[in-house]
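The values are calculated or read from the model by the stated rules, or taken from the named source; none is laboratory data. Predicted, not measured: the structure shown is a model, and the values here were computed from it. Quick reminder, even Gly has a Cβ in these numbers, built from the backbone with ideal geometry, and neighbours come from all protein chains shown. Accessible surface areas use protein heavy atoms only, side chains included; no ligands, DNA or RNA. Shrake-Rupley method; radii C 1.70, N 1.55, O 1.52, S 1.80 Å.
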There are 2 protein chains.
Amino acid sequence: MRIAVVAPSCVLKLEAAEAVQAIVAERGDCELVIHPQCFLSDGHFAGPDEARLGALRQVMADPGFDAVWFARGGYGSNRIAEAALADLPEAARGKLYLGYSDAGFLQAGFHKAGLDVAWGPMPQDVVRAGGAAAINRAIDWLVRRDRSALEPALDGPSMAFNLTVLSNLLGTSLEPDFTGVDLLVEDVGEHLYRIDRSMFHVTASPGIQKVRRLRLGRISDVLPNDPDFGSDEVAIVEQWCVRSGIAFGGRADIGHDSQNRVVPFPSENR
Amino acid sequence: MRIAVVAPSCVLKLEAAEAVQAIVAERGDCELVIHPQCFLSDGHFAGPDEARLGALRQVMADPGFDAVWFARGGYGSNRIAEAALADLPEAARGKLYLGYSDAGFLQAGFHKAGLDVAWGPMPQDVVRAGGAAAINRAIDWLVRRDRSALEPALDGPSMAFNLTVLSNLLGTSLEPDFTGVDLLVEDVGEHLYRIDRSMFHVTASPGIQKVRRLRLGRISDVLPNDPDFGSDEVAIVEQWCVRSGIAFGGRADIGHDSQNRVVPFPSENR
(Lines give C-alpha, C1' and ligand atoms only; values in the text may rest on other atoms or scores of the structure.)
Protein backbone atom coordinates (compact mmCIF):
# COMPACT_ATOMS: atom_id res chain seq x y z
CA MET A 1 0.00 0.00 0.00
CA ARG A 2 1.56 3.25 -1.18
CA ILE A 3 0.01 6.49 0.04
CA ALA A 4 0.75 9.93 -1.43
CA VAL A 5 0.49 13.04 0.74
CA VAL A 6 -0.17 16.42 -0.91
CA ALA A 7 -1.27 19.76 0.57
CA PRO A 8 -4.01 21.46 -1.50
CA SER A 9 -4.60 24.07 1.23
CA CYS A 10 -1.95 25.12 3.79
CA VAL A 11 1.63 24.10 4.61
CA LEU A 12 2.36 20.80 6.38
CA LYS A 13 4.71 21.36 9.31
CA LEU A 14 8.01 19.49 8.95
CA GLU A 15 7.78 18.12 12.50
CA ALA A 16 4.31 16.76 11.72
CA ALA A 17 5.63 15.02 8.60
CA GLU A 18 8.49 13.47 10.58
CA ALA A 19 6.19 12.31 13.37
CA VAL A 20 3.81 10.66 10.89
CA GLN A 21 6.69 8.95 9.06
CA ALA A 22 7.90 7.59 12.44
CA ILE A 23 4.46 6.07 13.05
CA VAL A 24 4.44 4.58 9.55
CA ALA A 25 7.93 3.12 10.04
CA GLU A 26 6.87 1.49 13.29
CA ARG A 27 3.72 0.03 11.70
CA GLY A 28 5.56 -1.32 8.65
CA ASP A 29 2.32 -1.94 6.71
CA CYS A 30 2.50 0.90 4.19
CA GLU A 31 4.73 3.40 2.42
CA LEU A 32 4.01 7.11 2.81
CA VAL A 33 5.34 9.42 0.08
CA ILE A 34 5.12 13.03 1.25
CA HIS A 35 5.24 15.26 -1.81
CA PRO A 36 7.74 18.14 -1.43
CA GLN A 37 4.92 20.52 -2.42
CA CYS A 38 3.58 20.05 1.13
CA PHE A 39 6.39 22.29 2.43
CA LEU A 40 6.09 25.09 -0.12
CA SER A 41 4.81 28.42 1.15
CA ASP A 42 3.11 31.21 -0.79
CA GLY A 43 1.23 33.63 1.46
CA HIS A 44 -1.67 31.72 3.02
CA PHE A 45 -1.09 28.61 0.94
CA ALA A 46 1.27 25.63 0.55
CA GLY A 47 2.64 27.09 -2.65
CA PRO A 48 0.90 28.90 -5.52
CA ASP A 49 -2.29 27.43 -7.01
CA GLU A 50 -0.26 25.98 -9.92
CA ALA A 51 2.12 24.11 -7.58
CA ARG A 52 -0.67 22.72 -5.39
CA LEU A 53 -2.69 21.71 -8.45
CA GLY A 54 0.37 20.22 -10.15
CA ALA A 55 1.28 18.04 -7.17
CA LEU A 56 -2.32 16.88 -6.73
CA ARG A 57 -2.74 16.01 -10.41
CA GLN A 58 0.62 14.24 -10.41
CA VAL A 59 -0.31 11.84 -7.61
CA MET A 60 -3.86 11.40 -8.96
CA ALA A 61 -2.41 10.28 -12.31
CA ASP A 62 0.23 7.98 -10.77
CA PRO A 63 -0.95 4.33 -10.79
CA GLY A 64 1.73 3.60 -8.19
CA PHE A 65 -0.37 5.21 -5.46
CA ASP A 66 -3.31 3.44 -3.83
CA ALA A 67 -4.45 6.48 -1.87
CA VAL A 68 -4.08 10.24 -1.69
CA TRP A 69 -4.02 11.66 1.82
CA PHE A 70 -4.57 15.40 2.18
CA ALA A 71 -1.88 16.80 4.50
CA ARG A 72 -4.06 19.29 6.34
CA GLY A 73 -6.86 21.82 6.02
CA GLY A 74 -6.75 25.59 6.52
CA TYR A 75 -8.00 27.19 3.35
CA GLY A 76 -7.36 26.94 -0.37
CA SER A 77 -8.45 23.62 -1.89
CA ASN A 78 -11.49 25.30 -3.48
CA ARG A 79 -9.12 27.34 -5.65
CA ILE A 80 -7.89 24.23 -7.48
CA ALA A 81 -10.78 21.78 -7.12
CA GLU A 82 -12.44 22.30 -10.48
CA ALA A 83 -9.09 22.18 -12.35
CA ALA A 84 -8.08 19.02 -10.48
CA LEU A 85 -11.08 17.26 -12.03
CA ALA A 86 -10.46 18.31 -15.64
CA ASP A 87 -9.65 15.43 -18.06
CA LEU A 88 -9.56 12.98 -15.18
CA PRO A 89 -6.84 10.36 -15.77
CA GLU A 90 -7.90 6.72 -15.44
CA ALA A 91 -5.39 6.19 -12.61
CA ALA A 92 -7.31 8.75 -10.52
CA ARG A 93 -10.03 6.12 -10.11
CA GLY A 94 -9.56 3.23 -7.72
CA LYS A 95 -7.70 5.42 -5.24
CA LEU A 96 -9.07 6.59 -1.92
CA TYR A 97 -8.91 10.32 -1.15
CA LEU A 98 -8.83 10.94 2.62
CA GLY A 99 -9.06 14.17 4.61
CA TYR A 100 -11.48 16.67 6.12
CA SER A 101 -12.08 20.37 6.87
CA ASP A 102 -11.04 22.56 3.92
CA ALA A 103 -10.38 19.39 1.89
CA GLY A 104 -14.18 19.14 1.74
CA PHE A 105 -14.18 21.32 -1.38
CA LEU A 106 -12.11 18.66 -3.17
CA GLN A 107 -14.01 15.79 -1.60
CA ALA A 108 -17.36 17.19 -2.72
CA GLY A 109 -16.19 17.59 -6.30
CA PHE A 110 -14.27 14.29 -6.33
CA HIS A 111 -17.28 12.38 -5.02
CA LYS A 112 -19.48 14.05 -7.62
CA ALA A 113 -16.99 12.92 -10.28
CA GLY A 114 -17.23 9.31 -9.10
CA LEU A 115 -13.96 9.11 -7.16
CA ASP A 116 -13.64 7.29 -3.84
CA VAL A 117 -13.63 9.72 -0.93
CA ALA A 118 -13.59 9.48 2.87
CA TRP A 119 -13.67 11.99 5.72
CA GLY A 120 -10.98 11.29 8.30
CA PRO A 121 -7.85 12.46 10.18
CA MET A 122 -4.95 14.06 8.28
CA PRO A 123 -1.15 14.04 8.81
CA GLN A 124 -1.08 17.49 10.48
CA ASP A 125 -3.38 16.07 13.20
CA VAL A 126 -0.36 14.26 14.66
CA VAL A 127 0.55 17.46 16.54
CA ARG A 128 -2.76 17.43 18.45
CA ALA A 129 -2.95 15.93 21.95
CA GLY A 130 -3.53 12.22 21.28
CA GLY A 131 -2.69 12.80 17.64
CA ALA A 132 -0.87 9.49 17.14
CA ALA A 133 -4.17 7.67 17.68
CA ALA A 134 -5.79 9.80 14.97
CA ILE A 135 -2.96 9.00 12.54
CA ASN A 136 -3.18 5.26 13.29
CA ARG A 137 -6.96 5.36 12.87
CA ALA A 138 -6.60 6.98 9.45
CA ILE A 139 -3.93 4.50 8.34
CA ASP A 140 -5.98 1.57 9.69
CA TRP A 141 -8.70 2.69 7.29
CA LEU A 142 -6.35 3.43 4.39
CA VAL A 143 -4.44 0.13 4.61
CA ARG A 144 -7.03 -2.42 5.67
CA ARG A 145 -10.43 -0.67 5.84
CA ASP A 146 -10.51 -1.41 9.57
CA ARG A 147 -14.12 -0.81 10.59
CA SER A 148 -13.08 0.27 14.10
CA ALA A 149 -11.90 3.51 12.46
CA LEU A 150 -15.44 4.34 11.36
CA GLU A 151 -17.80 6.81 12.96
CA PRO A 152 -19.61 4.37 15.26
CA ALA A 153 -23.23 5.19 14.38
CA LEU A 154 -22.97 5.19 10.57
CA ASP A 155 -26.18 3.77 9.18
CA GLY A 156 -26.41 3.75 5.41
CA PRO A 157 -24.95 6.20 2.88
CA SER A 158 -23.24 9.08 4.69
CA MET A 159 -21.15 12.18 4.01
CA ALA A 160 -19.33 14.50 6.38
CA PHE A 161 -18.43 18.16 5.96
CA ASN A 162 -17.19 21.11 7.89
CA LEU A 163 -20.33 23.27 8.11
CA THR A 164 -18.67 26.47 6.87
CA VAL A 165 -16.98 24.68 3.97
CA LEU A 166 -20.31 23.06 3.07
CA SER A 167 -22.05 26.46 3.11
CA ASN A 168 -19.38 27.83 0.76
CA LEU A 169 -19.63 25.05 -1.84
CA LEU A 170 -23.42 25.00 -2.20
CA GLY A 171 -24.47 26.23 -5.62
CA THR A 172 -20.97 25.82 -7.06
CA SER A 173 -19.91 23.18 -9.59
CA LEU A 174 -18.54 21.14 -6.66
CA GLU A 175 -21.94 20.54 -5.02
CA PRO A 176 -22.66 16.78 -4.96
CA ASP A 177 -26.01 14.99 -4.85
CA PHE A 178 -27.06 14.69 -1.21
CA THR A 179 -30.19 12.64 -1.90
CA GLY A 180 -30.85 10.11 0.85
CA VAL A 181 -27.56 10.45 2.71
CA ASP A 182 -26.93 11.03 6.38
CA LEU A 183 -25.12 14.37 6.42
CA LEU A 184 -22.64 14.80 9.29
CA VAL A 185 -21.46 18.36 10.01
CA GLU A 186 -18.98 19.87 12.46
CA ASP A 187 -17.18 23.17 12.84
CA VAL A 188 -14.33 24.88 14.65
CA GLY A 189 -13.35 28.42 15.60
CA GLU A 190 -16.67 30.12 14.80
CA HIS A 191 -19.01 32.31 16.82
CA LEU A 192 -22.40 30.71 17.56
CA TYR A 193 -24.13 33.42 15.50
CA ARG A 194 -22.10 32.21 12.52
CA ILE A 195 -23.09 28.60 13.19
CA ASP A 196 -26.72 29.75 13.25
CA ARG A 197 -26.25 31.70 9.99
CA SER A 198 -24.53 28.77 8.26
CA MET A 199 -27.28 26.42 9.40
CA PHE A 200 -29.87 28.83 7.95
CA HIS A 201 -28.00 28.86 4.64
CA VAL A 202 -27.33 25.13 4.48
CA THR A 203 -30.80 23.95 5.53
CA ALA A 204 -32.49 26.41 3.13
CA SER A 205 -30.68 24.75 0.20
CA PRO A 206 -32.95 22.55 -1.95
CA GLY A 207 -30.06 20.09 -2.43
CA ILE A 208 -29.49 19.71 1.30
CA GLN A 209 -33.20 19.24 1.94
CA LYS A 210 -32.88 15.89 0.12
CA VAL A 211 -30.70 14.35 2.86
CA ARG A 212 -32.10 11.51 4.93
CA ARG A 213 -30.89 13.01 8.22
CA LEU A 214 -28.51 15.63 9.52
CA ARG A 215 -26.17 14.63 12.36
CA LEU A 216 -24.10 17.05 14.45
CA GLY A 217 -20.42 16.49 15.16
CA ARG A 218 -18.43 18.66 17.53
CA ILE A 219 -18.54 22.46 17.37
CA SER A 220 -15.21 23.24 19.01
CA ASP A 221 -13.16 26.32 19.95
CA VAL A 222 -16.33 28.41 19.77
CA LEU A 223 -15.43 32.11 19.71
CA PRO A 224 -17.07 34.36 22.33
CA ASN A 225 -20.45 35.76 21.35
CA ASP A 226 -21.21 39.28 22.61
CA PRO A 227 -23.80 39.17 24.09
CA ASP A 228 -24.14 35.48 24.94
CA PHE A 229 -25.92 33.85 21.98
CA GLY A 230 -28.75 32.49 24.11
CA SER A 231 -28.72 28.85 23.01
CA ASP A 232 -26.19 26.12 22.28
CA GLU A 233 -25.13 24.31 19.13
CA VAL A 234 -27.53 21.41 19.60
CA ALA A 235 -30.51 23.73 20.02
CA ILE A 236 -29.37 25.73 16.99
CA VAL A 237 -29.03 22.71 14.73
CA GLU A 238 -32.23 21.06 15.93
CA GLN A 239 -34.16 24.29 15.36
CA TRP A 240 -32.99 24.69 11.77
CA CYS A 241 -33.74 21.02 11.11
CA VAL A 242 -37.30 21.52 12.38
CA ARG A 243 -37.75 24.72 10.36
CA SER A 244 -36.51 23.08 7.15
CA GLY A 245 -38.19 19.71 7.61
CA ILE A 246 -34.88 17.85 7.81
CA ALA A 247 -34.73 14.95 10.29
CA PHE A 248 -32.16 15.51 13.06
CA GLY A 249 -30.16 12.32 13.65
CA GLY A 250 -28.40 13.32 16.88
CA ARG A 251 -24.70 13.69 17.59
CA ALA A 252 -21.83 12.35 15.49
CA ASP A 253 -18.29 11.42 16.53
CA ILE A 254 -16.41 13.78 14.21
CA GLY A 255 -14.62 17.06 14.80
CA HIS A 256 -11.40 19.03 14.65
CA ASP A 257 -9.70 16.83 17.25
CA SER A 258 -7.83 13.55 17.66
CA GLN A 259 -11.10 11.62 18.27
CA ASN A 260 -12.28 12.44 14.75
CA ARG A 261 -13.54 9.25 13.02
CA VAL A 262 -13.69 8.07 9.40
CA VAL A 263 -16.81 8.62 7.27
CA PRO A 264 -16.56 6.98 3.81
CA PHE A 265 -18.71 8.74 1.22
CA PRO A 266 -21.12 6.54 -0.77
CA SER A 267 -19.17 4.62 -3.41
CA GLU A 268 -19.89 2.37 -6.34
CA ASN A 269 -16.94 0.27 -5.15
CA ARG A 270 -18.57 -0.79 -1.89
CA MET B 1 -42.79 62.08 6.27
CA ARG B 2 -43.14 59.48 9.05
CA ILE B 3 -40.36 56.93 9.43
CA ALA B 4 -40.60 53.77 11.55
CA VAL B 5 -37.48 52.25 13.11
CA VAL B 6 -37.44 48.52 13.96
CA ALA B 7 -34.56 46.18 14.80
CA PRO B 8 -34.80 42.82 12.99
CA SER B 9 -31.27 41.85 14.10
CA CYS B 10 -29.56 43.23 17.23
CA VAL B 11 -30.43 45.75 19.93
CA LEU B 12 -30.35 49.49 19.21
CA LYS B 13 -28.40 51.33 21.91
CA LEU B 14 -30.52 53.89 23.80
CA GLU B 15 -27.88 56.60 23.41
CA ALA B 16 -27.89 56.01 19.64
CA ALA B 17 -31.68 56.38 19.54
CA GLU B 18 -31.49 59.61 21.51
CA ALA B 19 -28.73 61.05 19.32
CA VAL B 20 -30.70 60.27 16.15
CA GLN B 21 -33.88 61.82 17.58
CA ALA B 22 -31.87 64.96 18.41
CA ILE B 23 -30.74 65.19 14.77
CA VAL B 24 -34.32 64.67 13.58
CA ALA B 25 -35.61 67.38 15.96
CA GLU B 26 -33.04 69.85 14.67
CA ARG B 27 -33.88 69.06 11.03
CA GLY B 28 -37.63 69.34 11.59
CA ASP B 29 -38.46 67.69 8.24
CA CYS B 30 -39.68 64.28 9.43
CA GLU B 31 -41.03 62.29 12.35
CA LEU B 32 -39.08 59.25 13.56
CA VAL B 33 -41.03 56.60 15.47
CA ILE B 34 -38.60 54.22 17.17
CA HIS B 35 -40.48 51.01 17.96
CA PRO B 36 -39.92 49.83 21.56
CA GLN B 37 -38.95 46.43 20.15
CA CYS B 38 -35.59 48.00 19.22
CA PHE B 39 -34.58 47.91 22.89
CA LEU B 40 -35.66 44.34 23.67
CA SER B 41 -32.91 41.83 24.33
CA ASP B 42 -32.97 38.03 23.96
CA GLY B 43 -29.49 36.52 23.78
CA HIS B 44 -27.88 37.72 20.56
CA PHE B 45 -31.05 39.38 19.29
CA ALA B 46 -33.26 42.43 19.84
CA GLY B 47 -35.96 40.24 21.32
CA PRO B 48 -37.19 36.78 20.30
CA ASP B 49 -37.95 36.05 16.64
CA GLU B 50 -41.68 36.55 17.32
CA ALA B 51 -41.15 40.03 18.77
CA ARG B 52 -38.83 41.16 15.97
CA LEU B 53 -41.17 39.75 13.35
CA GLY B 54 -44.22 41.25 15.05
CA ALA B 55 -42.75 44.75 15.17
CA LEU B 56 -41.59 44.55 11.56
CA ARG B 57 -44.96 43.32 10.30
CA GLN B 58 -46.75 45.96 12.36
CA VAL B 59 -44.89 48.87 10.74
CA MET B 60 -45.04 47.25 7.29
CA ALA B 61 -48.83 47.08 7.56
CA ASP B 62 -49.25 50.61 8.94
CA PRO B 63 -50.22 53.06 6.15
CA GLY B 64 -49.14 55.90 8.45
CA PHE B 65 -45.47 55.16 7.79
CA ASP B 66 -43.72 56.26 4.58
CA ALA B 67 -40.51 54.36 5.32
CA VAL B 68 -39.09 51.60 7.49
CA TRP B 69 -35.53 52.20 8.68
CA PHE B 70 -33.66 49.19 10.06
CA ALA B 71 -32.04 50.20 13.35
CA ARG B 72 -28.79 48.28 12.91
CA GLY B 73 -27.19 45.09 11.66
CA GLY B 74 -25.42 42.40 13.66
CA TYR B 75 -27.15 39.13 12.93
CA GLY B 76 -30.67 37.76 12.87
CA SER B 77 -32.85 39.27 10.14
CA ASN B 78 -32.59 36.04 8.10
CA ARG B 79 -34.51 34.25 10.86
CA ILE B 80 -37.67 36.29 10.18
CA ALA B 81 -37.27 37.34 6.55
CA GLU B 82 -39.45 34.69 4.94
CA ALA B 83 -42.21 35.11 7.52
CA ALA B 84 -42.10 38.91 7.11
CA LEU B 85 -43.09 38.44 3.47
CA ALA B 86 -46.04 36.09 4.03
CA ASP B 87 -49.46 37.52 3.04
CA LEU B 88 -47.90 40.90 2.32
CA PRO B 89 -50.31 43.70 3.34
CA GLU B 90 -51.00 46.35 0.69
CA ALA B 91 -49.59 49.07 2.97
CA ALA B 92 -46.18 47.34 2.81
CA ARG B 93 -45.89 48.60 -0.76
CA GLY B 94 -45.06 52.22 -1.44
CA LYS B 95 -42.72 52.38 1.56
CA LEU B 96 -38.96 52.55 1.35
CA TYR B 97 -36.96 50.00 3.40
CA LEU B 98 -33.51 51.38 4.26
CA GLY B 99 -30.52 49.67 5.89
CA TYR B 100 -27.45 47.53 5.19
CA SER B 101 -25.24 44.73 6.56
CA ASP B 102 -27.34 41.95 8.13
CA ALA B 103 -30.50 43.74 6.91
CA GLY B 104 -29.43 42.45 3.48
CA PHE B 105 -31.33 39.21 4.12
CA LEU B 106 -34.55 41.23 4.40
CA GLN B 107 -33.62 43.57 1.58
CA ALA B 108 -32.95 40.67 -0.80
CA GLY B 109 -36.31 39.06 -0.06
CA PHE B 110 -38.19 42.38 0.01
CA HIS B 111 -36.74 43.41 -3.35
CA LYS B 112 -37.63 40.02 -4.78
CA ALA B 113 -41.20 40.55 -3.51
CA GLY B 114 -41.42 43.91 -5.31
CA LEU B 115 -40.91 46.20 -2.33
CA ASP B 116 -38.82 49.37 -2.51
CA VAL B 117 -35.40 48.84 -0.93
CA ALA B 118 -32.23 50.88 -0.52
CA TRP B 119 -28.80 50.24 0.99
CA GLY B 120 -27.74 53.04 3.32
CA PRO B 121 -26.73 54.17 6.83
CA MET B 122 -28.75 53.06 9.87
CA PRO B 123 -29.58 54.75 13.21
CA GLN B 124 -26.88 52.83 15.15
CA ASP B 125 -24.27 54.42 12.83
CA VAL B 126 -24.70 57.68 14.77
CA VAL B 127 -22.19 56.39 17.34
CA ARG B 128 -19.42 56.12 14.72
CA ALA B 129 -16.90 58.93 14.29
CA GLY B 130 -18.65 61.32 11.89
CA GLY B 131 -21.88 59.41 12.44
CA ALA B 132 -24.15 62.48 12.34
CA ALA B 133 -23.23 62.96 8.68
CA ALA B 134 -24.26 59.37 7.95
CA ILE B 135 -27.61 59.89 9.70
CA ASN B 136 -28.27 63.13 7.80
CA ARG B 137 -27.32 61.43 4.52
CA ALA B 138 -29.80 58.63 5.18
CA ILE B 139 -32.57 61.06 6.15
CA ASP B 140 -31.80 63.28 3.13
CA TRP B 141 -32.56 60.25 1.01
CA LEU B 142 -35.58 59.10 3.03
CA VAL B 143 -37.25 62.54 3.09
CA ARG B 144 -36.42 64.11 -0.24
CA ARG B 145 -34.47 61.58 -2.31
CA ASP B 146 -31.48 63.92 -2.25
CA ARG B 147 -29.15 62.59 -4.95
CA SER B 148 -26.07 63.81 -3.07
CA ALA B 149 -26.68 60.87 -0.70
CA LEU B 150 -26.14 58.37 -3.51
CA GLU B 151 -23.04 56.30 -4.15
CA PRO B 152 -21.36 58.71 -6.59
CA ALA B 153 -20.60 56.28 -9.43
CA LEU B 154 -23.98 54.54 -9.71
CA ASP B 155 -24.63 53.80 -13.37
CA GLY B 156 -27.82 51.91 -14.07
CA PRO B 157 -29.61 49.29 -11.95
CA SER B 158 -27.54 48.51 -8.83
CA MET B 159 -27.71 46.50 -5.63
CA ALA B 160 -25.40 46.47 -2.62
CA PHE B 161 -24.71 43.70 -0.12
CA ASN B 162 -22.38 42.73 2.63
CA LEU B 163 -20.34 39.97 0.98
CA THR B 164 -20.77 37.44 3.81
CA VAL B 165 -24.51 38.09 4.02
CA LEU B 166 -24.78 37.70 0.24
CA SER B 167 -22.91 34.39 0.39
CA ASN B 168 -25.33 33.14 3.04
CA LEU B 169 -28.52 34.02 1.15
CA LEU B 170 -27.58 32.47 -2.21
CA GLY B 171 -29.73 29.44 -2.97
CA THR B 172 -32.32 30.38 -0.33
CA SER B 173 -35.82 31.65 -1.01
CA LEU B 174 -34.50 35.18 -0.42
CA GLU B 175 -32.16 35.21 -3.44
CA PRO B 176 -33.26 37.94 -5.87
CA ASP B 177 -32.69 38.18 -9.62
CA PHE B 178 -29.29 39.80 -10.22
CA THR B 179 -29.58 39.94 -14.00
CA GLY B 180 -27.94 43.03 -15.45
CA VAL B 181 -27.30 44.88 -12.18
CA ASP B 182 -24.12 46.42 -10.87
CA LEU B 183 -23.46 44.46 -7.69
CA LEU B 184 -21.65 46.42 -4.96
CA VAL B 185 -20.11 44.37 -2.12
CA GLU B 186 -18.27 45.27 1.06
CA ASP B 187 -17.32 43.50 4.28
CA VAL B 188 -16.07 44.07 7.81
CA GLY B 189 -14.28 42.08 10.48
CA GLU B 190 -13.23 39.12 8.33
CA HIS B 191 -9.86 37.48 7.62
CA LEU B 192 -8.70 37.86 4.01
CA TYR B 193 -8.91 34.09 3.55
CA ARG B 194 -12.61 34.35 4.32
CA ILE B 195 -13.01 37.19 1.82
CA ASP B 196 -11.33 34.94 -0.76
CA ARG B 197 -13.59 32.01 0.18
CA SER B 198 -16.75 34.13 0.03
CA MET B 199 -15.70 35.53 -3.34
CA PHE B 200 -15.21 31.96 -4.60
CA HIS B 201 -18.69 31.04 -3.41
CA VAL B 202 -20.43 34.16 -4.67
CA THR B 203 -18.77 34.31 -8.10
CA ALA B 204 -19.39 30.58 -8.68
CA SER B 205 -23.14 31.14 -8.31
CA PRO B 206 -25.06 31.02 -11.60
CA GLY B 207 -27.35 33.81 -10.35
CA ILE B 208 -24.46 36.12 -9.56
CA GLN B 209 -22.82 35.42 -12.92
CA LYS B 210 -25.75 37.33 -14.51
CA VAL B 211 -24.67 40.68 -13.01
CA ARG B 212 -23.45 43.43 -15.31
CA ARG B 213 -20.46 44.27 -13.13
CA LEU B 214 -19.17 43.70 -9.62
CA ARG B 215 -17.88 46.72 -7.69
CA LEU B 216 -15.87 46.58 -4.48
CA GLY B 217 -16.70 48.72 -1.45
CA ARG B 218 -14.50 48.88 1.61
CA ILE B 219 -13.21 45.75 3.33
CA SER B 220 -12.62 47.16 6.81
CA ASP B 221 -11.36 45.93 10.19
CA VAL B 222 -9.66 43.00 8.44
CA LEU B 223 -8.65 40.37 11.01
CA PRO B 224 -5.00 39.25 11.02
CA ASN B 225 -4.20 36.41 8.64
CA ASP B 226 -1.53 33.96 9.84
CA PRO B 227 0.59 33.79 7.73
CA ASP B 228 0.05 37.01 5.77
CA PHE B 229 -2.50 36.21 3.06
CA GLY B 230 -0.21 37.27 0.23
CA SER B 231 -2.54 39.63 -1.66
CA ASP B 232 -5.02 42.40 -0.87
CA GLU B 233 -8.79 42.70 -1.23
CA VAL B 234 -8.64 44.35 -4.66
CA ALA B 235 -6.41 41.60 -6.06
CA ILE B 236 -8.68 38.96 -4.50
CA VAL B 237 -11.87 40.40 -5.96
CA GLU B 238 -10.37 41.10 -9.37
CA GLN B 239 -9.03 37.56 -9.56
CA TRP B 240 -12.36 35.93 -8.82
CA CYS B 241 -14.04 38.26 -11.33
CA VAL B 242 -11.55 37.15 -14.00
CA ARG B 243 -11.98 33.47 -13.11
CA SER B 244 -15.77 33.68 -13.25
CA GLY B 245 -16.05 35.95 -16.29
CA ILE B 246 -17.68 38.75 -14.29
CA ALA B 247 -16.65 42.32 -15.23
CA PHE B 248 -14.92 44.15 -12.37
CA GLY B 249 -16.27 47.70 -12.10
CA GLY B 250 -13.69 49.13 -9.68
CA ARG B 251 -14.18 50.54 -6.21
CA ALA B 252 -17.47 51.65 -4.63
CA ASP B 253 -18.09 54.19 -1.88
CA ILE B 254 -19.87 51.90 0.58
CA GLY B 255 -18.75 50.23 3.79
CA HIS B 256 -19.24 49.81 7.53
CA ASP B 257 -18.36 53.44 8.27
CA SER B 258 -19.84 56.92 8.35
CA GLN B 259 -18.93 57.54 4.67
CA ASN B 260 -21.30 54.75 3.60
CA ARG B 261 -23.54 55.98 0.73
CA VAL B 262 -27.05 55.11 -0.43
CA VAL B 263 -27.66 52.50 -3.15
CA PRO B 264 -31.34 52.23 -4.19
CA PHE B 265 -32.21 48.80 -5.54
CA PRO B 266 -33.94 48.67 -8.96
CA SER B 267 -37.57 49.64 -8.50
CA GLU B 268 -40.72 49.79 -10.60
CA ASN B 269 -41.46 53.10 -8.88
CA ARG B 270 -38.48 54.93 -10.36
**OP:** Can you confirm whether segment A:141-160 contains a residue that is at pLDDT 95 or above, polar (S, T, N, Q), buried (at least 18 other Cβ atoms within 10 Å of the Cβ) and within 14 Å of A:ILE208 (Cα to Cα)?
**Re:** yes
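For (1) charged (D, E, K, R); (2) closer than 18 Å to A:ARG197 by Cβ; (3) away from chain A (no Cβ under 14 Å), each residue gets a yes or a no:
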{"position": "B:SER158", "(1), (2), (3)": "no, no, yes"}
{"position": "B:LEU170", "(1), (2), (3)": "no, yes, no"}
{"position": "B:LEU174", "(1), (2), (3)": "no, yes, no"}
{"position": "B:THR179", "(1), (2), (3)": "no, no, yes"}
{"position": "B:LEU184", "(1), (2), (3)": "no, no, yes"}
{"position": "B:GLU190", "(1), (2), (3)": "yes, yes, no"}
{"position": "B:ARG194", "(1), (2), (3)": "yes, yes, no"}
{"position": "B:PRO206", "(1), (2), (3)": "no, no, no"}
{"position": "B:ARG215", "(1), (2), (3)": "yes, no, yes"}
Subject >> Matching residues in segment B:43-57 - criterion: being within 14 Å of another protein chain (Cβ to nearest Cβ) and either of a type in the set (Asp, Glu) or in a helix (DSSP H, G or I) (or both) >> reply: B:ASP49, B:GLU50, B:ALA51, B:ARG52, B:LEU53
**OP:** For A:ARG52, indicate whether it is charged (D, E, K, R) and buried (at least 17 other Cβ atoms within 10 Å of the Cβ).
**Re:** yes
Original post:
How many residues are of a type in the set (A, V, I, L, M, F, W, C) and closer than 22 Å to A:ARG128 by Cβ if we restrict to segment A:62-98?
Top reply: 6
Original post:
Any chance segment B:240-252 includes a residue that's out of contact with any Leu (no Cβ under 8 Å at 6 or more places or on another chain), free of Cβ contacts under 8 Å to residues at least 40 places away in the same chain, surrounded by 14 or more Cβ atoms within 10 Å (Cβ to Cβ) and within 11 Å of another protein chain (Cβ to nearest Cβ)?
Top reply: no
Original post:
What do you reckon, is B:ARG218 open to solvent by 10 Å² or more (accessible area, probe 1.4 Å), assigned to a strand (DSSP E or B) and among the basic types (Lys, Arg)?
Top reply: yes
**OP:** Output the number of the condition that B:GLN259 fails; it satisfies all remaining conditions of (1) assigned to a loop (DSSP other than H, G, I, E, B); (2) touching a strand residue (DSSP E or B) at 6+ places or on another chain (Cβ under 9 Å); (3) over 19 Å from B:PRO121 (Cα atoms).
**Re:** (3)
Subject >> Answer from B:VAL202, B:VAL165 - the residue that is in contact with a Phe, Trp or Tyr (Cβ under 7 Å, 6 or more places away or on another chain), crowded, with 24+ Cβ neighbours inside 10 Å and among the β-branched types (Val, Ile, Thr) >> reply: B:VAL165
**OP:** Determine, yes or no, whether B:ALA17 is away from chain A (no Cβ under 14 Å), under 14 Å from B:ILE135 (Cα atoms) and either of a type in the set (A, V, I, L, M) or in contact with a strand residue (DSSP E or B) (Cβ under 9 Å, 6 or more places away or on another chain) (or both).
**Re:** yes
Subject >> Pairs with Cβ under 6 Å, 6+ apart, first in segment B:58-80 and within 14 Å of chain A (Cβ to nearest Cβ), second of a type in the set (Phe, Trp, Tyr) >> reply: B:TYR75/A:TYR193; B:GLY76/B:PHE45; B:SER77/B:PHE105; B:ASN78/A:PHE200; B:ASN78/B:PHE105
Subject >> B:LEU40, sole failed condition from (1) crowded, with 16+ Cβ neighbours inside 10 Å; (2) away from chain A (no Cβ under 14 Å); (3) farther than 24 Å from B:SER173 by Cα >> reply: (2)
Subject >> Members of segment B:21-35 found to be surrounded by fewer than 16 Cβ atoms within 10 Å (Cβ to Cβ) and either free of Cβ contacts under 8 Å to residues at least 12 places away in the same chain or part of a loop (DSSP other than H, G, I, E, B) (or both), listed by number >> reply: B:ALA22, B:ALA25, B:GLU26, B:GLY28, B:ASP29, B:CYS30
Subject >> Subset of segment B:4-60 [in contact with a Leu (Cβ under 7 Å, 6 or more places away or on another chain), farther than 22 Å from B:SER258 by Cα and not hydrophobic (A, V, I, L, M, F, W, C)] >> reply: B:GLY47
Original post:
Residues of segment A:90-117 being on the phi < 0 side of the Ramachandran plot, touching a residue at least 60 places away in the same chain (Cβ under 8 Å) and open to solvent by 10 Å² or more (accessible area, probe 1.4 Å), which ones?
Top reply: A:HIS111, A:LYS112, A:ASP116
Original post:
What residue, among those in segment A:221-239 that are more than 26 Å from the chain's Cα centre (by Cα) and of a type in the set (S, T, N, Q), is least open to solvent (accessible area, probe 1.4 Å)?
Top reply: A:ASN225
Original post:
Residue check, B:ALA86 against (1) open to solvent by 10 Å² or more (accessible area, probe 1.4 Å); (2) in contact (Cβ under 8 Å) with a residue 12 or more places away in the chain; (3) on the phi < 0 side of the Ramachandran plot, all met but one. Which one?
Top reply: (2)
**OP:** Confirm whether B:ASP228 is more than 7 Å from chain A (Cβ to nearest Cβ), more than 24 Å from B:LEU154 (Cα to Cα) and not in a strand (DSSP E or B).
**Re:** no
